[in-house]
Amino acid sequence: MPPYYKPVGMATYEDRGRIYEDTLYYQVPEVRLVNQMADTVLLNSGLRGKILIMNFFFTSCPTVCPEMSRNISVMQKSFKKKIPEYFQFVSVSIDPENDSVAAIRAYANRYTFDHDKWWFLTGERAEIYRLMKDDLGLILEGNEAKDLEHSNKIVLLDADRHIRGYYNALDPEELQQCAEDAIFLTMERKKKRK
């Protein structure tokens, strides 16, 4: 199983007279954004039970973003045959001032065949950067052309919004590992339901 990231404390519990300790892990809080279909969406309550495969982009990015989006598109197509109801792809714009709903819709049309399973999102700059930096802990890489910064990482979040992996979206081996880890999380999800 993929590991957990960002431990926040310890919990102690008793079971049949024995004391156990367990690590508590950070859960990404609720985020309200707008998708390419102009729907206001909530990433936690709106996608309850889904495994999120998330990255950051901006529509006028000339280099890294199109390549990341092409790679994620390949992954999305491969998941179409593998229990797609468990997954939600999420790409969040870091340039909300310029990336309107129409702009992200045009961008999304180039990469996805299923707008319900891959959301391209925009919203308030402060909330987007809090999600990227504070909640997900992504290290930023500058883009001198527009002074926009984002990571080339994909973040894997389980159904409980624990961070379960970081993967270089430009590296085929890491993309394969992301896909495998996402599939493992579906097994973990099924096990928790029993």
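The values are calculated or read from the model by the stated rules, or taken from the named source; none is laboratory data. Here the structure is a predicted model, which is why all the values come from computation and not from measurement. All Cβ positions, glycine included, derive from the backbone under ideal geometry; neighbour counts span all protein chains shown.
From the set of residues in region 19-31 that are surrounded by 15 or more Cβ atoms within 10 Å (Cβ to Cβ) and either more than 14 Å from the chain's Cα centre (by Cα) or of a type in the set (A, V, I, L, M, F, W, C) (or both), which is farthest from ASN109 (Cα to Cα)? Selected residue: TYR25. Restricting attention to region 111-134, the residues being loosely packed, with under 15 Cβ neighbours inside 10 Å and small (Gly, Ala, Ser) number 1. Close Cβ contacts (under 6 Å, 6 or more residues apart or on different chains) running from residues in region 1-26 that are in contact (Cβ under 8 Å) with a residue 60 or more places away in the chain to residues that are loosely packed, with under 10 Cβ neighbours inside 10 Å comprise TYR26/VAL8. Residues in region 41-57 that are surrounded by fewer than 23 Cβ atoms within 10 Å (Cβ to Cβ) and either on the phi > 0 side of the Ramachandran plot or among the aromatic types (Phe, Trp, Tyr) (or both): GLY49 only. For beta carbons closer than 8 Å, sequence separation of 6+ or different chains, a first residue in region 41-63 that is hydroxyl-bearing (Ser, Thr, Tyr) and a second that is outside any loop (DSSP other than H, G, I, E, B), the qualifying pairs are THR59/CYS65; THR59/SER93; THR59/ALA103; THR59/ILE104; THR59/ALA106; THR59/TYR107.
Among the residues of region 92-139, those that are within 27 Å of LYS77 (Cα to Cα) and of a type in the set (Phe, Trp, Tyr) comprise TYR107, TYR111, PHE113, TRP118, TRP119, PHE120. Restricting attention to region 73-94, the residues that are under 19 Å from THR40 (Cβ atoms) and more than 17 Å from the chain's Cα centre (by Cα) total 0. Which residue is surrounded by the most Cβ atoms within 10 Å (Cβ to Cβ), if the candidates are limited to region 1-18 and must be under 24 Å from ALA179 (Cα atoms) and of a type outside the set (Ser, Thr, Tyr)? Filtering region 1-18 for residues that are under 24 Å from ALA179 (Cα atoms) and of a type outside the set (Ser, Thr, Tyr), the one surrounded by the most Cβ atoms within 10 Å (Cβ to Cβ) comes out as PRO2.
When LYS81 is tested against (1) among the basic types (Lys, Arg); (2) farther than 30 Å from ARG125 by Cβ; (3) in contact (Cβ under 8 Å) with a residue 60 or more places away in the chain, only condition (3) is not met. At least 1 residues being at pLDDT 95 or above and over 20 Å from ASP99 (Cβ atoms) is the threshold, and among the strands (runs of 3 or more DSSP E) wholly inside region 110-162 those reaching it are 153-157.
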